[in-house]
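For reference, the structure discussed in these notes is given below.
The values are calculated or read from the model by the stated rules, or taken from the named source; none is laboratory data. Quick caveat, the model's predicted, so the values are computed rather than measured. Methodologically, a virtual Cβ is constructed for each residue, glycine included, from the backbone with ideal geometry; neighbour enumeration extends over all protein chains shown. Accessible surface areas use protein heavy atoms only, side chains included; no ligands, DNA or RNA. Shrake-Rupley method; radii C 1.70, N 1.55, O 1.52, S 1.80 Å.
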Amino acid sequence: MKAKPKAISQFDDAFSQKRSTSGLGDMDDQNDPVKMILGLKELRKVAHNCTTFQSGSTPGRIVIPSEVAIRDTRQIPFELDPPEHTGFRQLLNPWFKRPLDNAYQAKLQQIIDNTIDHALQQNAIDIVASFALPLQSKALTLLLNTSMDRAQTWIDWGTHVFRSESSNLDADKANILYDYIDAEIDKTMAKTRPSVPTTEDLFSVLLNAEVDGKKLTKEQVKGVMILTFAGGRDTVINAITNTIAYFSENISDLQRIANEPDIVNRAVEELLRYFSPLTQMGRVATEDTTVCEHAIKADSRVSLCWASANRDENVFSNPNTVDFDRKINPHVSFGFSHHNCLGATHARQILRQLVLTLANKVADINVVSADENIEQLGEFSRKVGFNRLEVSLTAK
Amino acid sequence: MAKVIFVTQNNGSMEVEGDSGSLMELAVANGVAGIDGDCGGVCSCATCHIYVDPADFDKVGAAQEVESDMLELDDKVTEYSRLCCQIDVSDQIDGMTFVVAN
């Protein structure tokens, strides 16, 4: 029997020492430094205080690495603050809760079944490029309520919309997405609006919607669509890939879910806490203030470091252990407060159905080779996922 | 078996009954508007915020630290707020009315 590579499923806490001493970390990002907030309770207070710590700064500035140099369009509702934010969020919430519908889940199940069945037929498969990316892209057709044919275009873009092998911020690649969205908006405007609401896609819904009594502009529609495409791409791919990595070294936990399917929600929440698929998100201070007794200057950046907060030993017992019996799990993998993740319902549904289906179909997962994706964040190095994870799956 | 009433923000009222699980799960199973229970009941999402009738609050009990930390930063919190994923369905809550916060 082939020995499995060690520690594929291990994601160390990169922030422990700094969290317990100062509570803040430091990183530079394109000459726009970031104070990283590491503890859960402090992070939540800052996330909630959108008056002092705003999202509605220059478009792209709250993202780390900053996208100011490659994007002018404001992502909506993500880069707005209340009260402006509220109307957009109210418009979008019902659409993004559709994954709770049975019909949506049945279609998602077909995608997941096909993805796993395809993987089981291969000797080995790269989970990142040939499993997680196609699954994420095909599932996105459901979220947008559009044709499955569209997925291949999005798969061809690669795992991160703004990143290529040569650069963390690839303007040419970002323009592919922006040009695509512009073209889709123009095509939708040229068509007659579908008379049957269930056949309408998100572009059409947004172009015909009003917020606070005003129709959305093309730029606002574009802002929502960029968020929808970009926000749920590498995050979902990381979550799927890391889940497979976890079960490759903990196959008995997958068997347990087959025997006890009722624990799947807890299992998914715990995996999300442990992996924290998105490391952090920024805010910009609107005034001189303090965090953890450190001065924060007006117009400087802080980050809400979800990955660190999810390992806060003051909140989670045995924070570095994956424990499917963790019944209280106040993780912040989907953010916190006004800006909690719009796509969380969709992401959770993918993961719950994926884990249940793996449990029912897969007997073993063997890693053939792996290339870890390590983020360099100033003084910290953090494993966030994999660039490549080649595995062989064995059917039940 | 416990029978409870949920009053929603659009002034709807729904009587539901159950004998196990959490109050959030009971609400979601019956499609109570304003109770999403996104995280499945692990106290991570705060999408199951309800108000307990003051007369019943002692019987239901106050929130534990993790739950009260979540509620503390909810704009709609009152002294009678609870996340209903942390309330068990049991005879203890039979006959109570809960107002959905969202």
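Report the A-B buried area as the accessible area lost on both sides summed, probe 1.4 Å, in Å² to the nearest 100.
Buried area (both sides, nearest 100 Å²): 1500 Å².
Please compute the modelled spin-label separation between A:Ala395 and B:Asp91, points set 7 Å along Cα→Cβ, answer in nm with one decimal.
Here the answer is 5.2 nm between the modelled labels.
Once you place label points 7 Å from the Cα toward the Cβ at A:Lys97 and A:Asp72, how far apart are they in nm?
Label-label distance for A:Lys97 and A:Asp72, simple model: 3.7 nm.
Determine the per residue accessible area of the range A:16-395 with all protein chains present and a 1.4 angstrom probe, expressed in square angstrom.
Counting only protein heavy atoms, the per-residue value for the range A:16-395 is 40 Å².
Sorted by packing (mean other beta-carbon atoms within 10 Å per residue), highest first, where do B:52-59, B:82-89, A:19-26, A:382-389 land?
Put in order of decreasing packing, that is B:82-89, A:382-389, A:19-26, B:52-59.
What's the FRET efficiency of A:Glu249 with B:Ala55 using the Cβ-Cβ distance as r and R₀ = 41 Å, to the nearest 0.05?
Approximately 0.20, to the nearest 0.05.
Work through the residues other than A:Glu200 whose Cβ is under 13 Å from its Cβ and net out their charges, Lys, Arg +1 and Asp, Glu -1.
Surrounding charge for A:Glu200 is +2.
Please go through the residue pairs A:Lys35/A:Lys173; A:Lys191/A:Lys215; A:Lys45/B:Lys76 and name each one whose alpha carbons sit more than 20 Å apart in this structure.
Violating the 20 Å Cα-Cα cut-off are A:Lys35/A:Lys173.
Where the centroid of each part is defined by its Cα atoms, how far is the range B:62-100 from the range A:15-73 in Å?
The distance from the Cα centre of the range B:62-100 to that of the range A:15-73 comes to 31 Å.
Jot down the radius of gyration and Dmax of the range B:2-100, Cα atoms only, both in angstrom.
12.0, 32
If you roll a 1.4 angstrom probe over the protein chains with everything in place, what fraction of the accessible area of chain A belongs to carbon and sulfur, to the nearest %?
Ligands and nucleic acids excluded, carbon and sulfur reach 47 percent.
Sum -39500 (n - 2.57) across every DSSP H segment of at least 4 residues in the protein assembly as shown, then divide by the residue count to get the 222 nm mean residue ellipticity, nearest 500.
After summing the helix terms and dividing by the residues of the protein assembly as shown, the value is -11000 deg cm²/dmol.
Can you tell me the convex hull volume per residue for the range A:227-338, based on C-alpha atoms, in Å³ to the nearest whole number?
Enclosed volume per residue, from the Cα hull, is 132 Å³.
Across every pair of different alpha-carbon atoms, what Kirkwood hydrodynamic radius in Å does the range A:49-100 reach?
With all distinct Cα pairs of the range A:49-100 included, I get 12.1 Å.
Straight-line reach from A:Lys214: which lysines have a Cα under 17 Å away, not including same-chain ones fewer than 8 places off?
A:Lys222
Please list log₁₀ I(q)/I(0) at q = 0.11, 0.14, 0.22 Å⁻¹ for the range A:101-226, using the Debye equation with identical point scatterers on the alpha-carbon positions.
Reported log10 I(q)/I(0), two decimals: -0.48, -0.75, -1.32.
In a shell of Cβ-Cβ distance under 13 Å around B:Asp19, excluding B:Asp19 itself, what net charge do Lys and Arg (+1) and Asp and Glu (-1) give?
My count for the surroundings of B:Asp19 gives -4.
Using only Cα atoms, figure out Rg for the range A:292-394 and give it as a multiple of 2.2 N^0.38 Å.
1.38
Please find, in a Gaussian network model of chain A (springs between Cα atoms separated by less than 10 Å), the residue of A:Pro99, A:Pro83, A:Pro33 whose mean-square fluctuation is greatest.
Evaluated over chain A, the most mobile residue of the options is A:Pro83.
Modelling each spin label as a point 7 Å along the Cα-to-Cβ direction, I'd like the A:Ala363/A:Glu219 distance in nm, to one decimal.
Placing both labels 7 Å along Cα→Cβ, they lie 6.0 nm apart.
So what's Rg/Rh here for the protein assembly as shown, counting alpha carbon atoms and using the Kirkwood radius for Rh?
0.95
Can you give the local net charge around A:Gln110? Use residues other than it whose beta-carbon is closer than 12 angstrom to its beta-carbon, Lys and Arg +1, Asp and Glu -1.
0
Under 16 Å between alpha carbons, and skipping anything fewer than 8 positions from A:Lys297 in its own chain: which aspartates and glutamates qualify?
By straight Cα distance, A:Lys297 reaches A:Asp26, A:Asp28, A:Asp32, A:Glu287, A:Asp288.
Taking the Cα centre of chain B as the origin, how large is its charge dipole in debye, to the nearest 20, when only Lys and Arg (+1) and Asp and Glu (-1) carry charge on their Cβ atoms?
240
Rounded to two decimals, what is the ratio between the C-alpha radius of gyration of the range A:86-148 and 2.2 N^0.38 Å?
1.36
Taking the highest mean first, how do the peptides A:370-381, A:303-314, B:5-16 order by number of other beta carbon atoms within 10 angstrom per residue?
Listed from highest to lowest mean packing, they are A:303-314, A:370-381, B:5-16.
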